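Worksheet: one structure, shown below.
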Amino acid sequence: MALKFKKTYRFAVKSSLYITLFSTVFVIALLYQFFTISWPFCAIFAISTCIFSFFVLQYRVEHFIYRRVKKIYDDVSLLDSTSLINHAITTDMATLTNEVKKFATDKKLEIETLKVREEYRREFMGNVSHELKTPLFTVQGYISTLREGAVKDKVLRKKYLERAEKGVERLIYIVEDLDMISKLEMGDLNLEYSNFDIVELVQNVFDLLEMVADAKNIILMFDRKHNKHINVYADQEKIQQVLTNLIVNSIKYGKENGTTEVTIEDLIDNKVIVRVRDNGEGIEKQYIPRLFERFFRVDKSGARSEGGSGLGLSIVKHIIEGHDEKIYVESTYGKGSEFSFTLEKSK
């Protein structure tokens, strides 16, 4: 698309006035020195000089300087021409300089953003590779051992096959979470809104995770300030997944003989806030901004030994934001963490 100039005449007007002033004074001085001063002649000379100077300077500016500036805009491949479609190139040097500076600043920020994204992509690929190869190597090791003769030992065969099966289950779990996070990031959430009792849903999740909590002697507590049902309007299945992920994380990173507490509180007239709190090891302040990144783990070795895909919190964030709600995290290292999210009440 051809670029258009937005003409300004300040430079040509000021320059022509300077030339006119100098020329007129010079002519008056010559007339005074050698001839008789004719004021009509001086006026005509000044006007003619001013008009001539203006047109010459304006023509030179547009056809000599700015045509070359326009060529720079056309030739530089890094220049995003779409940013110029709605803006004409001005012949005012100060404005043009500001535009170029703004362009340079924007491109610098864009390059820095691309570098961050590239680093994030490399880290993500490394994490995916690590998450997948661990169970793959485990399964491969057990199968290789069986092929080398252990298959004849019935007890050992059963033991190794069960362990290989667990490795395959972990692979399936990771792949399913990867598939879900991909759909969520592409906006393919497909929420099915309904009215349901969030209190009952929390109790159902507690029932499902009771044995997991018992394994670490963690008490599941439900503290609510309401003696009645609390109905919310959301996707029940997705919110159950959010609660499950948050409570599982709370148990996983909580200390033995500790507690995991869920509270539901009124936030504003049409909102409630659900809090999941533990008294575990907590999270150091510098890691909190990265908690919702895919595969990010504070304690990488310990977290992997506990299982999980490393995508739970990222999935939680996408689900809550898909409901146009907010999720928050507060943590004090050594004392515990609290994850909370808002939901809309049923009307």
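The values are calculated or read from the model by the stated rules, or taken from the named source; none is laboratory data. Everything quoted here is computed from the prediction, not taken from an experiment. Please note: Cβ atoms are built from the backbone with ideal geometry, for glycine as well, and neighbour counts cover all protein chains shown. Surface accessibility is based on the protein's heavy atoms, side chains included, excluding ligands, DNA and RNA. Shrake-Rupley method; radii C 1.70, N 1.55, O 1.52, S 1.80 Å.
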Checklist outcome for this item: Expected single match for modelled with pLDDT under 90, touching a helix residue (DSSP H, G or I) at 6+ places or on another chain (Cβ under 7 Å) and either surrounded by fewer than 21 Cβ atoms within 10 Å (Cβ to Cβ) or under 22 Å from PHE206 (Cα atoms) (or both) among ILE288, ILE251 is ILE251
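Residue by residue through the stretch 272-285, note down the ones that are open to solvent by less than 40 Å² (accessible area, probe 1.4 Å) and closer than 24 Å to ILE230 by Cα.
Once the filter is applied, which keeps residues that are open to solvent by less than 40 Å² (accessible area, probe 1.4 Å) and closer than 24 Å to ILE230 by Cα, the stretch 272-285 yields VAL272, ILE273, VAL274, VAL276, ASP278.
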Item to check | Within the stretch 324-342, tally of residues that are in contact with a Leu (Cβ under 7 Å, 6 or more places away or on another chain) and either open to solvent by 90 Å² or more (accessible area, probe 1.4 Å) or not in a strand (DSSP E or B) (or both) | outcome: 1
Next on the checklist: Can you find a residue that is in a loop (DSSP other than H, G, I, E, B) and within 21 Å of GLU338 (Cα to Cα) anywhere in the stretch 198-217?
Outcome noted: yes
Checklist entry - What about LEU191, is it over 20 Å from PHE339 (Cβ atoms) and part of a helix (DSSP H, G or I)? => result no
Checklist outcome for this item: Checked pairs for the stretch 310-321, first part of a loop (DSSP other than H, G, I, E, B) and at pLDDT below 90, second open to solvent by less than 10 Å² (accessible area, probe 1.4 Å) and small (Gly, Ala, Ser), C-beta under 9 Å and 6 or more apart or across chains, list as GLY310/ALA303
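Here are ASP197, ASP223, ASP235: which of them is open to solvent by less than 90 Å² (accessible area, probe 1.4 Å), touching a residue at least 60 places away in the same chain (Cβ under 8 Å) and of a type outside the set (Phe, Trp, Tyr)? Talk me through it step by step, then tell me what you get.
Numbers: ASP197 fails: touching a residue at least 60 places away in the same chain (Cβ under 8 Å); ASP223 fails: touching a residue at least 60 places away in the same chain (Cβ under 8 Å).
Residue meeting the stated conditions: ASP235.
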Checklist entry - Has the stretch 222-229 got any residue that is more than 21 Å from ASP324 (Cα to Cα) and either at pLDDT 90 or above or in a helix (DSSP H, G or I) (or both)? => result no
